[in-house]
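Report on one structure; see the data block that follows.
Nothing in this text is a laboratory measurement; each read-out follows from the coordinates by a stated rule. Small disclaimer: the values here were computed from a predicted structure and weren't measured. As a convention, Cβ positions derive from the backbone with ideal geometry for all residues, glycine included, and neighbour counts pool all protein chains shown.
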Amino acid sequence: MRVFKVPFDIKREEKIFGGYLSLRQVIYLMIATSSLALLATPLNIIVKISLISIIAVFFLLCTFLRIGEQNFDKFFFYTLKYVFRKKGYVYERCRKC
């Protein structure tokens, strides 16, 4: 029986929508465009535009921006985790000194 190596790339997501977008990217784009639903709320137009722009920009960054080899959404959540976790510092004296 022959054995064939199956090539796969674990660093990239599988592009399933048109060969350009992954499922994660499509979900973030849907959330960004659904922020336009805030136009139907009875708020001031300045508040509406600012909320829509903040939400849309954040999810567009999550969709397309990569920092190093990491997507922006993972980078953002890791940053939040680092900022809000309890940090413990252990002081040990140098034994060679």
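Some observations on this one:
- Contact map, the stretch 1-26: residues that are in contact (Cβ under 8 Å) with a residue 12 or more places away in the chain paired with residues that are exposed (fewer than 10 other Cβ atoms within 10 Å of the Cβ), Cβ distance under 9 Å, separation 6+ or inter-chain. Pairs shown: 11/69.
- Filter result (under 13 Å from the mean Cα position of the chain (by Cα) and either farther than 21 Å from residue 36 by Cβ or aliphatic (A, V, I, L, M) (or both)) within the stretch 73-97: 74, 75, 76, 77, 78, 79, 80
- Residue in the stretch 3-41 that is surrounded by the most Cβ atoms within 10 Å (Cβ to Cβ), counting only those that are β-branched (Val, Ile, Thr) and within 26 Å of residue 55 (Cα to Cα): 31
- Filtering 15, 5 for residues that are out of contact with any helix residue (DSSP H, G or I) (no Cβ under 9 Å at 6 or more places or on another chain) and of a type in the set (D, E, K, R) leaves a single hit, 5.
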